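Each remark here refers to the structure printed beneath this line.
The values are calculated or read from the model by the stated rules, or taken from the named source; none is laboratory data. As the structure is a computational prediction, the values presented were derived from the model and not from experiment. Cβ placement follows ideal geometry from the backbone for every residue including glycine, while neighbour counts extend to all protein chains displayed. Ligands, DNA and RNA are excluded from the accessible area calculation, which covers all protein heavy atoms including side chains. Shrake-Rupley method; radii C 1.70, N 1.55, O 1.52, S 1.80 Å.
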Amino acid sequence: MDDGINCYVIPKTTGAGRNIFQGGSPLQESLPLLGVQLVLIVAVTRVLYFLLKPFKQPRVGGIILGPSVLSRHPAFKETVFPARGDPVLHTVATFGLMYVIFLIGVRMDPMLVVRSGKKGVIIGLSGFILPLAVTAVGFSGTAMASEPDVTRRSTFLFALATSLSITSFAVLSPILSDLSLLNSDLGRTAMSASMTTDGIAWLIMVGYVLAEAFLVSPVTSLWAFLSVAALAAVILFAVRPVALKVIERTPPGKPVDENCVFFFLLIVLLVGFYSDVIGTNSFHGALMLGLAIPDGPPLGTALGEKIDAMVSGLILPLYYAMTGLSTDVWCLHWGRLQLVVLLGWFGKLVGVMAPSLYLEIPLRDAVSLSLFMNSKGIVEVITFTFFLSNKLIGENTFSVLVCSSVAATAVSVPVAGWLYDPARRYAVYKRRTLQHLKPDAELRILACVHDEAHVPGTLSLLEASHATPQTPIGLYLLQLVEIAGRSAPVFIPHNPRRNASRIGAPGAPSTDFDRIINAFFRHELRHPEGAVSVHPFTTISPYSSMHDEVCRLAVEKRTSLILLHYHKRHLLAGGVHAAVGLRVVNRKVLEVAPCSVAVFVDRNAGCVGLSSFIPGPLHDYSGSSTGTGTRSASRPQFRAAVASLFFGGGDDREAMSYVARMARHPGVTVAIVRFLPARGIKDDPADRRVDNRAIEEVKALAARSRNMQVREELVGDMEKIVEVLRGLDKAGYDLVVVGMRHRWYPVMPANGLSDWSECPELGVIGDLLASSDFDTPYSVIIMKQQDQAGLNAAVPGAQDLWHGAPPPPRTMSTCPSGRAGVRIRNVVIILGKIFTVQTD
């Protein structure tokens, strides 16, 4: 008869105990206790994250709840985090974390290392090897004798040194995303380097599992190797082909079938179970499985939508809380371990900075990169928890490692974010404006489009810009796609020849962007050779950092104009559709653009607006065609009436320069409307002299052209300005171009309209014309000339130059308005705004 008796108390779930009306406590049962723990953990984590976010600090909610602060009081710990609740809390947290790790693998793009070139690989290897050597030496011999709760097996010490030397992609990607640096040059290099160290760390993990198995017997080590190889083979040759087949059978733009999503979520559980059985940890198996699933839509996006809301937002904080409950900062003591961790931090700093400087990365950026690479996060927490649960380290060493990681991240990330300013990359010291562009120089335009609705207006502007072999236009087309289902942003340069060869091929344009590209290639083929050149690109990134890609491409291609579409779209059925993400991109581009910027308000209502002169580009250009990639000898007649509003200043001079180029087009009639201040209103004499010089140049051009005129309007207040703007409807203009910033404050007091502005970044007049209340049928372009801080002082008269040229003589008739009888609606709301403005 067995003398020993093993007792196990089954924890209550709910409904079996006494409730509060019977004198009982619901927290004695597992489910109510888990609910209270969840609410408390999520609330504390969110509040601390909100408070510490401006300081770019890591999430420390778990440490606050642990014995370091709240759980130091016995009553709180016994009530909220009793020992009987630890198994349930740990199980739920580990279950959720497995799906989080799987999602991290899905969103990773291993090809990023290849696309980023050797720079990221070299920095990643150097930033791993040097700190590994330093920490390995620090852990060698009898150096760790002063740490009684650390296993001194050589294999474990090497694994510990490795965990302190890596920089995981899963840690670095959300940090760079929060700082809006994913699209920056430093962000791309950092992510490539982190993925390099991730690959090395995974190989070392496999080696560690095999070494631990070898301590049992060589045969066990062989079986462990075969088990890991079998897992990799099943994932690569069974699961991945199924994922590719699911993506292939999902129609473009349609969601993945729910059964398929459920199938892959179930596979995560099976892989996690198998990984635990063979000793590699369920997290490593989930990561391997995630890497085998193609990132992005449709499958990667669908899996992210299912996992993100519940697991990442609700259950992941549980794992951080479990870490904090095992961390006690009051029990820390200074020993050899802290010194080794500090040396590893400096080793990483030097290991990243040295190759960065060798690769000609600026010193300040190299320091920022090395600090970012010292970031720690969820991967380190998982590793330290694995060591603790397998009794390879004690709670004191665990607390030291966790606190060291938090301290390193708390110092590194804010300093790195403060040092690195991606806008410095976009500072140029040459004029890249339309005003200073020579008449026969190529006009390079970076046109940003979001979807097919932006194509007609962009094509109309290209046609109005009058491209000829003598005055060519180089169009760099950038489609803006919000990132979904992946972590790393993607920049795709398309092959112009391959797309051009597919124009007109049966069934060739299979995606939205294929149709968009082919529409612009059709536009290129409708012009003589050498007049228009189209270079398409795609950026897939978050809106918060998409401006980095726009500005980087503008610097690289030396463009003179960035064309952005207004974030509000006027619908055919009436009403306005607003894309908040596009406004974020527009505002940031306007702040740091390396050249001039134009914001296009396309009021394409079918029979009005500038876009009405481009007939159905997505159908006529991307559909069937008799020829494949051949130039058309005939082009549809293009006619438009354009007005430029000139109040004064660099932005208005830039707008007038663009309109002067349009006046060379035989089908475009142009009117320059200059607003002069009434007597008694003072303006800047220096600006007035520059403006007068520019106007005289335009008048000289108008005297030699039959389709260009200049007229002046005397105004004394905003009411008179609005009256003139309303009169543009009756004149039948299709496009109105105006500058963004005006220094004419006595007539246009910015503070008087700031409370009424929908988009103050467009300026007083630009916001007025773009407003949904100002109901006009013509399209609007608001232009901002390139900012050149210090250039005007260094080059006297830099803004005084005017590169205008008389257009070649031509005979044409004035373009009649195609909008006769269009009803001018009464803009009562706008006038209500204007009447509140106090004038001198």
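Strictly over 19 Å apart at the Cα level, which of Lys56/Lys119; Lys699/Lys720; Lys430/Lys557; Lys56/Lys376 would you flag in this model? Don't jump to the answer; show the numbers that get you there.
Details: Lys56/Lys119 27 Å; Lys699/Lys720 24 Å; Lys430/Lys557 14 Å; Lys56/Lys376 13 Å.
As for pairs spanning more than 19 Å Cα to Cα, those are Lys56/Lys119; Lys699/Lys720.
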So what's the net charge close to Gln470: Lys and Arg +1, Asp and Glu -1, counting the other residues with Cβ under 13 Å from its Cβ? 0
In terms of modelled amide H atoms, which long-range or inter-chain residues lie less than 5 Å from the amide H of Thr538? Gln479, Ile492, His494
Please enumerate, by chain and number, the lysines with C-alpha under 23 Å from the C-alpha of Lys245, excluding those fewer than 8 residues away in the same chain. Lys254, Lys306
Burial-style ranking of 315-322, 477-484, 83-90, 362-369, average other-beta-carbon count within 10 Å with highest first, yields 315-322, 477-484, 362-369, 83-90
First compute the accessible area of region 263-389 with a 1.4 Å probe, then give the percent of it belonging to carbon and sulfur atoms. 73 percent
I'd like the Karplus ³J(HN,Hα) series for region 347-354: coefficients 6.51, -1.76, 1.60, θ = phi - 60°, whole numbers in Hz, and an x wherever there's a Gly or Pro. x, 5, 4, 6, x, 8, 5, 4
Carbon-plus-sulfur fraction of the accessible area of region 61-211, 1.4 Å probe, in percent? 71 percent
Tabulate in residue order the Karplus-calculated ³J(HN,Hα) for region 77-94, using 6.51 cos²θ - 1.76 cosθ + 1.60 with θ = phi - 60°, rounded to whole Hz; enter x for Gly and Pro. 5, 5, 7, 9, 10, x, 5, 5, x, 4, x, 5, 4, 5, 5, 5, 5, 5
According to the square roots a ≥ b ≥ c of the eigenvalues of the Cα gyration tensor, what is the shape class of region 86-130, taking rounded for a/c under 1.5, prolate for a/b larger than b/c otherwise, and oblate for the remainder? oblate
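Around Ser227, under 14 Å between beta carbons, what's the net of Lys plus Arg minus Asp minus Glu among the other residues? Provide the component values of the computation, followed by the final result.
Details: positive: none; negative: Glu212, Asp276.
Within the 14 Å Cβ shell, the charges total -2.
Residues with beta-carbon under 12 Å from that of Ile765, excluding Ile765: net charge, scoring Lys, Arg +1 and Asp, Glu -1? Numbers along the way, then the final one.
Values: positive: Arg741; negative: Asp651, Asp652, Asp767.
Overall, the nearby charge balance is -2.
Using only the alpha carbon atoms of region 252-398, find the Kirkwood hydrodynamic radius as the inverse mean reciprocal pair distance, in angstroms to one decimal.
Values: mean 1/r = 0.0527 Å⁻¹.
Kirkwood radius, region 252-398: 19.0 Å.
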Calculate one ³J(HN,Hα) per residue across region 178-184 by plugging θ = phi - 60° into the Karplus curve 6.51 cos²θ - 1.76 cosθ + 1.60, and present them in order as whole Hz with x for glycine and proline. 5, 8, 6, 10, 4, 8, 6
Over all pairs of different Cα atoms in region 360-484, the reciprocal of the mean inverse distance gives a Kirkwood radius in Å of 20.1 Å
